[in-house]
Amino acid sequence: MTTDPTLAELVDKATATRTGPAYGHDALITCDRLVRVFSTDGVEVQALQGLDLLVRKGELMALVGASGSGKSTLMNILAGLDTPTAGAARVADHDLMAMTARDRLHYRRKVVGFIWQQTSRNLLPYLTAAQNVALPLQLAGGRRRSRARAERALELMELLQVADCRDRRPHEMSGGQQQRVAIAVALACDPAVLLADEPTGELDSHTAQQIFAAFRTANEELGTTIVIVTHDRAVATEVRRTVAIRDGRTSTEVLRRSEVDETTGHETLVAREYAMLDRAGRLQLPAEYTRALAMRDRVALDLEDDHITVWPDDSGHS
Ligand SMILES: Nc1ncnc2c1ncn2[C@@H]1O[C@H](COP(=O)(O)OP(=O)(O)OP(=O)(O)O)[C@@H](O)[C@H]1O
Ligand SMILES: [Mg+2]
């Protein structure tokens, strides 16, 4: 039996013809026109309004954006704690729209690791650091014996330089030590993705640097893909890719590449800001650019060999 294609199928087909393989086919995290609407007391809040984001395997990236722009909403969806209202989200071949309760539990235990801003929320207060790190391994089951679990826990704590805290309970550790143990807990089951929502929010800038170094170690030594939400400018400038979210959508992206100074041999990161171009060809121009040239409602475009020029509307019609 054949049925007429739905509008969505027609759009998908048109998109596929235009752009080749399916959107995000080679990405570890794919958010495709992700929407999350919260309804409380009859009031609707559109926290995510068609957000597109691709993250490749092995990336260490930062997400920034004003308060209320939708960062935590996105992280909670990626962590499997919340479900989107519409759109598609995939992480390491798991379709986040179509998970059963059982899949969700497996996903949260083995596929993603999560670190919260509140240090107290990441660790169980009555367990030592070593017991906290071994707990996810125990919950995940499998054949690992208690001794092997303890060894793995110690190995991770050594990697994150908190092995000396192994017999301490959270209240006997500094905030920075607690967050590094929290990273070890999140890494225990060798997740494909580590998600951290403002992990340095409660720490001073020096300690924040140490936490950031711990994420970098996890990324470089274990190859874990890491997404960090941060307000910390210093953290945001240390990663190669920073994506900004505005009103529930990705708006701009800064990519940094290293350049080596030929005389001094010093390596520095050179940044360039990009605007997002969605699959329908929509481009968001920065407000300061459009304001500077009084661009509104309509602009004129010229296609050149290697670029496109955008002109203010000079047609004289309004
Ligand atoms: N459970 C909820 N119920 C109702 N509204 C919510 C809920 N969670 C978030 N929101 C709303 O969704 C929007 C996005 O919130 P979100 O927490 O994702 O922002 P954020 O970017 O993380 O902000 P911040 O930087 O302050 O942490 C906000 O308007 C918020 O009030
Ligand atoms: Mg938040």
Farthest toward the dipole's positive end in region 187-254, which of 230, 244, 206, given Cβ charges of +1 (Lys, Arg) and -1 (Asp, Glu) about the Cα centre?
244
Of 221, 238, 267, the most mobile residue in a GNM of the chain (C-alpha springs, cutoff 10 Å) is 267
So what is the calculated 222 nm ellipticity per residue for the chain, using -39500 (n - 2.57) for each DSSP H run with n of 4 or more, over all residues, to the nearest 500 deg cm²/dmol?
-9000 deg cm²/dmol
Normalise the Debye intensity by I(0) for region 40-150, one equal point scatterer per Cα, no solvent, then take log10 at q = 0.13, 0.15 Å⁻¹ and round to two decimals.
-0.67, -0.86
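When the Cα atoms of region 72-130 are enclosed in a convex hull and the volume is divided per residue, what value in Å³ results?
103 Å³
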Sorted from fewest to most neighbouring beta carbons within 10 Å, what does the list 198, 158 look like?
158, 198
For a Förster distance of 30 Å, can you work out the FRET efficiency between the beta-carbons of residue 216 and residue 297, rounded to the nearest 0.05?
0.10
Each label point is 7 Å from the Cα along the Cα-to-Cβ direction; what then is the distance between the points at residue 39 and residue 67, in nm?
2.9 nm
Of the convex hull enclosing the alpha-carbon atoms of the chain, the direction-averaged projected area in nm² is 24.6 nm²
Antiparallel DSSP beta bridges within the chain, as percent of all bridges there, nearest 5:
70 percent
Summing +1 per Lys or Arg and -1 per Asp or Glu among the other residues with Cβ less than 12 Å from residue 109's Cβ gives +2
Among 284, 49, 210: highest mean-square fluctuation, GNM of the chain, C-alpha pairs under 10 Å
284
With the charge dipole of the chain built from beta-carbon charges (+1 for Lys and Arg, -1 for Asp and Glu) about the Cα centre, the Cα from 28, 132, 96 projecting farthest to the positive end belongs to 132
Would you list 215, 38, 114 from fewest to most Cβ contacts within 10 Å?
38, 114, 215
What does the charge count near residue 257 come to, summing +1 for each Lys or Arg and -1 for each Asp or Glu among other residues with Cβ under 12 Å from its Cβ?
+2
How big is D for region 106-184, in µm² s⁻¹ as a whole number, if Stokes-Einstein is applied with the Kirkwood radius of its Cα pairs at 10 °C and 1.306 mPa s?
126 µm²/s
Most exposed to least, judged by fewest other Cβ atoms within 10 Å, 69, 315, 146 sort to 315, 146, 69
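Values quoted throughout were computed directly from the atomic coordinates according to the rules given, and no laboratory measurement underlies them. Fair warning: this is a prediction, and the values are worked out from it, not measured in the lab. A quick note on method: Cβ atoms are made from the backbone with ideal geometry, for glycine too, and the neighbour counts reach across all protein chains shown.
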